[in-house]
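Student: Would you mind keeping the following structure in view while I ask a few things?
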Amino acid sequence: MPAEAAGSGAEPPRERRRRRGRARARTEALLHTLKRSRRVKANDRERNRMHHLNAALDELRSVLPTFPDDTKLTKIETLRFAYNYIWALSETLRLA
């Protein structure tokens, strides 16, 4: 770049940086609002994910034989018991 153009502060058009669609300058308040809205959406997604997981575990508990019937297994106990129950049923079929 020539010395006279460097000192003038004007860049040739081909060397100017272009801003892309989402690269706009944002104010501090706008950034805070965006972060808050993203966090709220993420929390909603996580809450829905956990509701679906808990509903699926409740459905699984309903088909597993437990004694006594009013015993509620924890999540990990439910998964372990289901795994062992399926294994036992498979072994019964294999041996029959």
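The values are calculated or read from the model by the stated rules, or taken from the named source; none is laboratory data. Only a predicted model underlies this, so the values are computations on that prediction, with no experimental measurement involved. All Cβ positions, even for glycine, are placed from backbone atoms using ideal geometry, and neighbour counts span all protein chains on display. Areas reflect the complete protein model, heavy atoms only, side chains present, ligands, DNA and RNA absent. Shrake-Rupley method; radii C 1.70, N 1.55, O 1.52, S 1.80 Å.
Student: Using label points projected 7 Å from each Cα along Cα→Cβ, tell me how many nm separate A42 and N54, to one decimal.
Tutor: Taking the two extended label points, one gets 2.2 nm.
Student: Counting only protein heavy atoms and using a 1.4 Å probe, what share of the accessible area of the range 19-96 belongs to carbon plus sulfur, as a whole percent?
Tutor: The nonpolar share, carbon plus sulfur, comes to 58 percent.
Student: Also: Assuming 0.36 nm per residue, please report the length gained on full extension of the stretch E28 to S62 beyond their Cα-Cα distance.
Tutor: Working it through step by step, the gained length comes to 7.1 nm.
Student: Once you have a ≥ b ≥ c as the square roots of the Cα gyration tensor eigenvalues for the range 16-95, tell me rounded if a/c is under 1.5, and otherwise prolate or oblate according to whether a/b is larger than b/c. Could the numbers behind the result be given before it?
Tutor: On the way: a/c = 6.78, a/b = 2.97, b/c = 2.29.
Because a/c hits 1.5 or more and a/b exceeds b/c, the range 16-95 counts as prolate.
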